[in-house]
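Have a look at the structure below before the remarks.
Derivation of every value follows stated rules applied to the coordinates shown; laboratory data play no part. Everything numeric here is computed off the predicted structure, so don't read it as measured data. Positions of Cβ are generated from backbone atoms using ideal geometry, with glycine treated the same way; all protein chains shown enter the neighbour counts.
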Amino acid sequence: MAEVRFDDRVAVITGAGGGLGRAHALLLASRGAKVVVNDLGGSMDGAGADATPAQKVCDEIKAMGGEAVPNYESVSEWDSAQKIIQTAIDSFGRIDILINNAGILRDKSMMKMEIDDWNLIIAVHLSGTFFCTKAAFPLMRDAGYGRILSTASAAGLYGNFGQTNYGAAKLGIAGMMNSAKLEGAKYNIKANTLVPVAGTRLTATVMPPQVVEKLKPEFVSPLAAYLVSEDCQLSGAMMVAGAGYFSRAAVVEGPGYFFDEPEKVTPDDIAAKLAEITNLEGAAEYDSAPAQTGHALSHIKLD
Ligand code: NAI
């Protein structure tokens, strides 16, 4: 089998000064990619800034014979996100790969969450992913090639106590990639979502050290690298990785129950048919909203 390589490819990886982003950067660079190592270098909850993390990862890449440039901008503003993408053009003349990975946490139960905790998490994760993707998209369209991987979380797919802000942003990212997949299709732009589990500074405080040890970020990066490779023809997939576990998650919809006369349906009819309505046996995935609507309308006879 041919090795998955990134020769002549240019990758921008946000939040690559540590954790998962650093592991992705080192793997891509070891296989030939030129990498923009972006990292604001703030604290886990988004305070401050520090050039050291991005610079250190660039030094590591150069020490192993690779090519990398640092960028210290925040993903969370449109102006600074454009500068992140522009760094790839200024330094290497192109952008083939974007990994939206930068992230912070502001965990609090809904009742204790400050509005600032909500706004900042949405700004970094959801808006940050949108801004970087929006800046990269026209360049990828013009090149007729692009691979975008954005980072979601099981907290968004399935929920987690104290993470209403983070979960909303993370599932929003998966929703964003569903539409990016459709908008990028004719330009050979693939847009996928990564759902990682890794022992990093974001999780080290909530996991025992022996679990953190089994969850090295490096164990996630092979899937991330595959998903941003030329070989990858998947688009709109939510791919899960951690501790040697790899899987695909999906939104599915049950076959449903069709009432022939919608105008006559009462709440009591819903109660009576709840088992059929909630049944997921024979559930389907849809690759666009119109495809799903097509199913919902499949019993309608138009005159
Ligand atoms: P990490 O804290 O080690 O890495 C995140 C990096 O993003 C940090 O180096 C940080 O300085 C940088 N960053 C934060 N805000 C930024 C901004 N505004 N602009 C640019 N850079 C910024 O944490 P980890 O775990 O490696 O997280 C990477 C991504 O994976 C995040 O999006 C996180 O939410 C996601 N994730 C991680 C999981 C895990 O188990 N570690 C689980 C699910 C998702």
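Things worth noting here:
- Dividing the summed helix terms, -39500 (n - 2.57) for each DSSP H run of n ≥ 4, by the number of residues in the chain produces a 222 nm estimate of -11500 deg cm²/dmol to the nearest 500.
- Between the beta carbons of ARG201 and HIS295, assuming R0 = 41 Å, the FRET efficiency works out to 0.40 to the nearest 0.05.
- Calculated FRET efficiency for the pair ARG248/ALA143, C-beta based, R₀ 22 Å, to 0.05: 0.20
- Calculated diffusion of the stretch 252-303, Stokes-Einstein form, Kirkwood radius summed over Cα pairs, 20 °C and 1.002 mPa s, µm²/s: 175 µm²/s
- Rounded to two decimals, the Cα radius of gyration of the stretch 96-137 over 2.2 N^0.38 Å is 1.39.
- Karplus-derived 3J(HN,Hα), 6.51/-1.76/1.60, for each residue of the stretch 241-251, Hz, glycine and proline x: 8, x, 6, x, 9, 10, 7, 10, 9, 8, 8
- For LYS301, a cut-off of 13 angstrom between C-alpha atoms picks up these aspartates and glutamates, skipping any fewer than 8 places away in its own chain: ASP260, GLU261.
- Stretchable slack from GLN233 to LYS62, in nm (0.36 nm times residue separation minus alpha-carbon distance): 58.5 nm
- Taking the Cα centre of the chain as reference, the dipole from Cβ charges on Lys and Arg (+1) and Asp and Glu (-1) amounts to some 740 debye.
- Calculated from the alpha-carbon coordinates, the chain shows an Rg and a Dmax of 21.0, 71 Å respectively.
- A cut-off of 5 Å between modelled amide H atoms, ignoring neighbours fewer than 5 places along the same chain, links VAL69 with VAL35, VAL36, VAL37.
- Cross-link table LYS56/LYS216; LYS112/LYS181; LYS134/LYS214; LYS190/LYS214; LYS170/LYS190; LYS134/LYS170, entries beyond 28 Å C-alpha to C-alpha: LYS112/LYS181; LYS134/LYS214; LYS190/LYS214
- In the chain, Cα pairs under 8 Å separated by at least six residues give a relative contact order of 14 percent.
- Extension gain, ASP287 to GLU218: 0.36 nm times the residue separation minus the Cα-Cα distance gives 21.8 nm.
- Here LYS264, LYS170, LYS83 are placed in order of increasing Cβ neighbour count within 10 Å, fewest first, which gives LYS264, LYS83, LYS170.
- Exposure proxy shown here: for VAL212, VAL37, VAL10, the number of other Cβ atoms within 10 Å sets the order, fewest to most, as VAL212, VAL10, VAL37.
- Fewest-first sequence of TYR166, TYR257, TYR158 by Cβ atoms within 10 Å of each Cβ: TYR158, TYR257, TYR166
- With a Förster radius of 25 Å applied to the C-beta separation of ALA185 and GLU276, the computed FRET efficiency comes to 0.10.
- Karplus-derived 3J(HN,Hα) values for the stretch 200-213, using 6.51 cos²θ - 1.76 cosθ + 1.60 with θ = phi - 60°, are 9, 5, 6, 10, 4, 7, 9, 10, x, x, 5, 6, 4, 4 Hz; glycine and proline are entered as x.
- Cα convex hull of the stretch 76-124 - mean projected area over all directions, nm²: 4.1 nm²
- Directionally averaged projected area (the stretch 145-293, Cα convex hull): 12.1 nm².
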